[in-house]
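The values are calculated or read from the model by the stated rules, or taken from the named source; none is laboratory data. The model shown is predicted, which means the values in this text are computed figures rather than measured ones. Neighbour counts run over all protein chains shown; Cβ positions are idealised from the backbone, glycine included.
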Amino acid sequence: MEKQLKKGAEASLYQTEWFGKEAIRKVRVLKTFRQSALDIKLRESRTRREALFLREAKRVGVTTPLVYFVDVNKTEIIMQFIPGRRLKEIIDAYKENISLKWCREAGRYIARLHSGKIIHGDLTTSNFIISHNRLILIDFGLSFYSQRLEDKAIDIHLLNMMVQSAHYIYAEKIMHAVQMGYQEIVGESDSLSLLERMKVVELRGRYKRVE
Amino acid sequence: MKSLETFTGEPEGSKLGITCLGIESTAHTFGVSIISIGGSTKPEILSDVRRVYQPEKGKGIHPREASRHHAKIAASTVAEALKKAKASMEDIHIVSFSQGPGLGPCLRVGAVVARSISAYYHLPLIPVNHAVAHIELAAMLTGASDPLVLLVSGGHTVITSFTSGRWRIFGETLDITVGQLIDQFGRAAGFSSPFGRTFEKYAKKSQNFIDLPYTIKGNDVSFSGLLTASKRLFRDDKKLEDVCFSIQETGFAMLAESVERALVFVEKDELLLVGGVAANSRLQNMLQGVCKIHKSKFFSIPKVFSGDCGAQISWNGLQTFKAGVSVDISDSSVKSSWRLDEVDVKWRSN
């Protein structure tokens, strides 16, 4: 019997079996409140993207769940079940060494994606899972290929915004750890030019003080 | 700083409650509202008078012209608010004003009026953040207690939720606001701003959906591509109602998605829709759809109070004052850039 694990924003997760293995069925469900043409387009393109980038991420050394099966017509993906805790929870139960260790690893992951011309597009502390002492990145529905500095900067800017709001107490430490991890992979100069661009993106925000 | 304790008992009648005269003056609207709170009774909006600067057709707000408009009608608007409330200046205990964010010249008119009243009548002067005030008035009127909020107007497109002393941001626009999207498209099509009401009327006439750029980045949205593409459709002689309909369907679906993402992230079970664009029934309808999926309660600011008004400033002025905050005239400069997540919220707890 399938059990619903989670009702996410755009997809529902069910625990299922795939040829004897524990698996997750991720279904992007119909949203009747939007135009059906738009709804189908979004659900299909995100299912495709997610399947593609779950695999592409592995190519650049980022651990993601294995994809078992993709059905674009049903807008569903069957993938490996990952037991573990979200980075969000690890940070909420804050133990400095442990939390920052994983944030640093998250920084390395983002850097590997960016070096491989991949933008995740939806980086939050909910989308990193710690499982068997390994970091796993999920939710690639908004991912795309790009090597523009702007896209990389926005990718991290979005994470920064969520960290500032959701984990405001440790926000500076968390983002510092992410940056250190990032820098380890891409080197200091690339990491600094990214930081510069992030500031530009940030100042574009509404009512940001121009200093 | 004056606290409530040091203040009660000052002008006559104040033992029974506090009455605030609030002045809104961030953009096109100059508004004055008088709200009274009793010891235990719920707040009463005694008056809410608005005068709106109307830019020329096809043009946006000219800050200097808007501020001249405000300066010209300020005194009579205050007088009318008092008259409608059947009050005189002796009944007023505190004065609040929109200190920001907004257009500098407009903000300064409201601030000057508020300071003058405060100085002449020796009343505490209360600074209010316009965005926070939108939210707090809506929460008071709808009864939403701890909601995720979507604030959509000409100046804002932001998703926020209260945690540990601040309204924190869980999604926003990366470029223009949804109000700007609608107004700027309207101006390109030859209409005057604000265009929202006419926009919705046209959208209702069509069912012909044209594909437009849909841009979501994480929990954030971006409307600039949608605006450019919509203007192009109009130039290419597509029917106005079809373009309005398609902008509405696309832009609001983007908002609904980022709200849904934020709702799941912050794990709250109330959603509150606030701001001028909240008056749009299609947007309300889509968000109701989101709430239904996640078994959340949906609240929307009553239409009459969705746009900029004195009532929001007056109500949040009362809350701010009761929390012990006021400001000296010398520290009351306007803040045209003042994000809502910079305000220390002392009247809420969690």
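Consider A:Gly8 against the criteria (1) outside the structural domain of A:Ile136 (by TED's automatic domain parsing); (2) modelled with pLDDT of 95 or more: it satisfies all of them except one. Which criterion is unmet?
Answer for A:Gly8: the failing condition is (2).
Per-residue answers, yes or no, for (1) over 26 Å from A:Ile82 (Cα atoms); (2) at pLDDT 95 or above; (3) crowded, with 22+ Cβ neighbours inside 10 Å; (4) not assigned by TED's automatic domain parsing to the domain that holds A:Glu50:
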residue: A:Arg112; (1), (2), (3), (4): no, yes, no, yes
residue: A:Ile119; (1), (2), (3), (4): no, yes, yes, yes
residue: A:Arg134; (1), (2), (3), (4): no, yes, no, yes
residue: A:Ser146; (1), (2), (3), (4): yes, yes, no, yes
residue: A:Asp190; (1), (2), (3), (4): yes, yes, no, yes
residue: A:Val210; (1), (2), (3), (4): yes, no, no, yes
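Condition test on A:Ile77, is it aliphatic (A, V, I, L, M) and farther than 25 Å from B:Val266 by Cβ?
yes
Just give me the residues in the range B:140-175 being over 15 Å from B:Ala27 (Cβ atoms) and not in a strand (DSSP E or B), in sequence order.
The answer is B:Met140, B:Leu141, B:Thr142, B:Gly143, B:Ala144, B:Ser145, B:Asp146, B:Pro147, B:Ser164, B:Gly165, B:Leu174, B:Asp175.
Have a look at A:Arg85, A:Arg46 and point out the one that is under 15 Å from the mean Cα position of the chain (by Cα), within 13 Å of chain B (Cβ to nearest Cβ), closer than 28 Å to A:Ser165 by Cβ and in contact (Cβ under 8 Å) with a residue 24 or more places away in the chain.
Answer to the check: A:Arg46.
Read through the list (1) more than 14 Å from chain B (Cβ to nearest Cβ); (2) within 16 Å of the chain's Cα centre (by Cα); (3) assigned to a helix (DSSP H, G or I), then give the number of the only condition that A:Met162 fails.
Unmet for A:Met162, out of (1) more than 14 Å from chain B (Cβ to nearest Cβ); (2) within 16 Å of the chain's Cα centre (by Cα); (3) assigned to a helix (DSSP H, G or I): (1).
Any residue in the range A:45-64 that is farther than 24 Å from B:Glu267 by Cα and assigned to a strand (DSSP E or B)?
no
Are any residues in the range A:165-211 β-branched (Val, Ile, Thr) and assigned to a helix (DSSP H, G or I), and if so, which ones?
Matches in the range A:165-211: A:Ile174, A:Val178, A:Ile185, A:Val186, A:Val200, A:Val201.
Does at least one position in the range B:76-99 carry a residue that is assigned to a loop (DSSP other than H, G, I, E, B), within 23 Å of the chain's Cα centre (by Cα), at pLDDT 95 or above and within 14 Å of chain A (Cβ to nearest Cβ)?
no
Report yes if some residue within the range B:125-134 is of a type outside the set (Phe, Trp, Tyr), part of a loop (DSSP other than H, G, I, E, B) and surrounded by 24 or more Cβ atoms within 10 Å (Cβ to Cβ); otherwise report no.
The answer is no, given that none of the residues of the range B:125-134 is of a type outside the set (Phe, Trp, Tyr), part of a loop (DSSP other than H, G, I, E, B) and surrounded by 24 or more Cβ atoms within 10 Å (Cβ to Cβ).
Identify, by number, the condition in (1) outside the structural domain of B:Asn316 (by TED's automatic domain parsing); (2) surrounded by 24 or more Cβ atoms within 10 Å (Cβ to Cβ); (3) farther than 30 Å from B:Arg232 by Cβ that B:Leu150 doesn't meet.
(3)
Any residue in the range B:121-136 that is farther than 21 Å from B:Ser336 by Cβ sitting within a Cβ distance under 8 Å of a residue that is small (Gly, Ala, Ser)? List the pairs, counting only those 6 or more apart or interchain.
Listed pairs, sorted by first residue: B:Pro124/B:Ser118; B:Pro124/B:Ser326.
Do we find a residue being closer than 21 Å to B:Thr173 by Cβ and within 14 Å of chain B (Cβ to nearest Cβ) anywhere in the range A:185-197?
Yes, that holds for at least one residue.
This table checks each residue for (1) of a type in the set (Ser, Thr, Tyr); (2) at pLDDT 95 or above; (3) closer than 30 Å to A:Ala37 by Cβ.
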site	(1), (2), (3)
A:Thr63	yes, yes, no
A:Ile78	no, yes, yes
A:Gly84	no, yes, no
A:Cys103	no, yes, no
A:Phe128	no, yes, no
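Kindly indicate whether B:Phe245 is of a type in the set (Phe, Trp, Tyr) and either facing another protein chain (nearest Cβ under 10 Å) or more than 22 Å from the chain's Cα centre (by Cα) (or both).
Yes: the conditions hold for B:Phe245.
Each row is one residue, and each column tells you yes or no for (1) of a type outside the set (Val, Ile, Thr); (2) more than 13 Å from chain A (Cβ to nearest Cβ); (3) over 25 Å from A:Ser126 (Cβ atoms).
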site: B:Leu123; (1), (2), (3): yes, yes, yes
site: B:Leu150; (1), (2), (3): yes, yes, no
site: B:Ser192; (1), (2), (3): yes, yes, yes
site: B:Val221; (1), (2), (3): no, no, no
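Could you figure out which of (1) touching a Phe, Trp or Tyr at 6+ places or on another chain (Cβ under 7 Å); (2) surrounded by fewer than 24 Cβ atoms within 10 Å (Cβ to Cβ) isn't true of B:Val113?
It is condition (1) that B:Val113 fails.
Within the range B:286-326, can you find the residues that are touching a helix residue (DSSP H, G or I) at 6+ places or on another chain (Cβ under 9 Å) and within 14 Å of chain A (Cβ to nearest Cβ)?
B:Met286, B:Leu287, B:Gly289, B:Val290, B:Cys291, B:Ile293, B:His294, B:Ser296, B:Phe298
Across the range B:275-299, what is the total count of residues that are buried (at least 23 other Cβ atoms within 10 Å of the Cβ) and polar (S, T, N, Q)?
1
Out of B:Lys205, B:Lys201, which single residue is in the same structural domain as B:Phe252 (by TED's automatic domain parsing), without any contact (Cβ under 8 Å) to a residue 12 or more places away in the chain and surrounded by fewer than 22 Cβ atoms within 10 Å (Cβ to Cβ)?
Residue meeting the stated conditions: B:Lys201.
Out of the residues in the range A:1-39 meeting the condition of being assigned to a strand (DSSP E or B) and in contact with a Phe, Trp or Tyr (Cβ under 6 Å, 6 or more places away or on another chain), tell me which one is nearest to the other protein chains (Cβ to nearest Cβ).
So, considering only residues that are assigned to a strand (DSSP E or B) and in contact with a Phe, Trp or Tyr (Cβ under 6 Å, 6 or more places away or on another chain), the one nearest to the other protein chains (Cβ to nearest Cβ) is A:Gln4.
Checking the conditions here, which among A:Ile129, A:Ile154, A:Ile90 is assigned to a strand (DSSP E or B) and in contact (Cβ under 8 Å) with a residue 12 or more places away in the chain?
Exactly one of A:Ile129, A:Ile154, A:Ile90 is assigned to a strand (DSSP E or B) and in contact (Cβ under 8 Å) with a residue 12 or more places away in the chain, namely A:Ile129.
A quick yes/no check of all residues on (1) within 23 Å of B:Glu257 (Cβ to Cβ); (2) among the aromatic types (Phe, Trp, Tyr); (3) more than 10 Å from chain B (Cβ to nearest Cβ):
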| site | (1), (2), (3) |
| --- | --- |
| A:Gly121 | yes, no, no |
| A:Ser126 | yes, no, no |
| A:Gln147 | no, no, yes |
| A:Glu150 | yes, no, yes |
| A:Ile154 | yes, no, no |
